[in-house]
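*Asks:* Mind having a look at this structure? Questions to follow.
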Amino acid sequence: MRILVVEDEHRIANSIKKGLEQERYAVDVAYTGSDGYDLASTEDYDLILLDIMLPEMNGIEICKNLRKNKINIPILLLTAKGQTEDKVKGLDAGADDYMTKPFSFDELLARIRALTRRKGTVVNTILSVSDLSLDKKQYLVKRGNKEIKLSSKEFSLLEYLITNKNTIVTKDQIIAHIWDYDADILPNTIEVYIKNLRNKIDKPFKKPLINTVRGFGYRIGG
């Protein structure tokens, strides 16, 4: 899952980014409103954390412009204490929820989960295809009764594949959802991760689940 943080206070932005990455989210950060809007309108995100008070373009303007252009990514506003009027304006402009700074990180995670559930990004805690299951809450992968150990990126890749099971996903789509905007990832890197996944979830078992669709990408299905 990929999140955009638009926050001009570097310390806060970088702290949020670090915390979310520890929770296995891919995170991009923008420190100005114009940079945030450019990323939000051109990249594929699952959620935007958006400060209201920003240089160059404020959060309310960003909300209005995104919604005007039919970009319906869930938006969680970050507001300073006492900005009641701005909260109302933000919600009227198309934001989905708001949090008042300072806030606890646990509450932030809960709000993120709630918003993505509301928009259909996260439907079930446990995903499955054939006899393979992935528990997003426990970070547990099993095939049949056998537990499979995956790295953080392997887990995220498998989660993305299962979320889109029986659908072809391209290397570019995988890169966009699993890695940050600044990550220097080549298409060959995806091939390496797919090979590693196959060695763990396919090779020890009789029935392969990950299929290569030549010229297009990958599909998982059983």
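*Asks:* Looking at the range 42-79, which of the residues that are loosely packed, with under 13 Cβ neighbours inside 10 Å and farther than 21 Å from Tyr25 by Cβ is nearest to the chain's Cα centre (by Cα)?
*Replies:* Among those residues, the one meeting the criterion is Lys70.
*Asks:* For Asp97, state whether it is surrounded by fewer than 14 Cβ atoms within 10 Å (Cβ to Cβ) and either free of Cβ contacts under 8 Å to residues at least 40 places away in the same chain or among the β-branched types (Val, Ile, Thr) (or both).
*Replies:* no
*Asks:* If you don't mind, there's one more thing I want to ask. Need a quick list: helices (runs of 4 or more DSSP H) entirely within the range 22-106 having at least 2 residues that are modelled with pLDDT under 90.
*Replies:* Numbers: elements: 33-42, 59-68, 84-93.
Ranges flagged: 84-93.
*Asks:* Further question: Regarding the range 177-186, can at least one residue be identified that is under 20 Å from the mean Cα position of the chain (by Cα), under 20 Å from Thr42 (Cα atoms) and in a helix (DSSP H, G or I)?
*Replies:* Within the range 177-186, one or more residues are under 20 Å from the mean Cα position of the chain (by Cα), under 20 Å from Thr42 (Cα atoms) and in a helix (DSSP H, G or I).
*Asks:* Next up: Could you tell me which of the residues Thr167, Thr212, Thr189 is β-branched (Val, Ile, Thr) and part of a helix (DSSP H, G or I)?
*Replies:* Result of the check over Thr167, Thr212, Thr189: Thr189.
*Asks:* Any residue at all in the range 171-188 that is surrounded by fewer than 16 Cβ atoms within 10 Å (Cβ to Cβ), aromatic (Phe, Trp, Tyr) and touching a residue at least 40 places away in the same chain (Cβ under 8 Å)?
*Replies:* no
*Asks:* Filter the range 142-167 down to the residues that are within 23 Å of Gly215 (Cβ to Cβ) and surrounded by 15 or more Cβ atoms within 10 Å (Cβ to Cβ) and list them by number.
*Replies:* Within the range 142-167, Leu157, Leu158, Tyr160, Leu161, Ile162, Thr163, Asn164, Lys165 meet the criteria.
*Asks:* Residues in the range 34-41: is at least one closer than 18 Å to Arg2 by Cβ, without any contact (Cβ under 8 Å) to a residue 60 or more places away in the chain, surrounded by 22 or more Cβ atoms within 10 Å (Cβ to Cβ) and not aromatic (Phe, Trp, Tyr)? Full working, then the answer.
*Replies:* So in the range 34-41, the residues closer than 18 Å to Arg2 by Cβ come out as 35-41.
Cutting the leftovers down to without any contact (Cβ under 8 Å) to a residue 60 or more places away in the chain gives us 35-38, 40-41.
Remaining after also requiring surrounded by 22 or more Cβ atoms within 10 Å (Cβ to Cβ): 36-37, 40.
Filter once more, so that each one left must be not aromatic (Phe, Trp, Tyr): 36, 40.
So far as the range 34-41 goes, yes, one or more of its residues are closer than 18 Å to Arg2 by Cβ, without any contact (Cβ under 8 Å) to a residue 60 or more places away in the chain, surrounded by 22 or more Cβ atoms within 10 Å (Cβ to Cβ) and not aromatic (Phe, Trp, Tyr).
*Asks:* Within the range 41-59, work out how many residues are in contact with a helix residue (DSSP H, G or I) (Cβ under 9 Å, 6 or more places away or on another chain) and farther than 16 Å from Lys17 by Cβ.
*Replies:* 10
The values are calculated or read from the model by the stated rules, or taken from the named source; none is laboratory data. Note that the coordinates shown come from a computational prediction; the quantities given were computed from them, not determined experimentally. Note: ideal-geometry Cβ built from the backbone for every residue, glycine included; neighbour counts use all protein chains shown.
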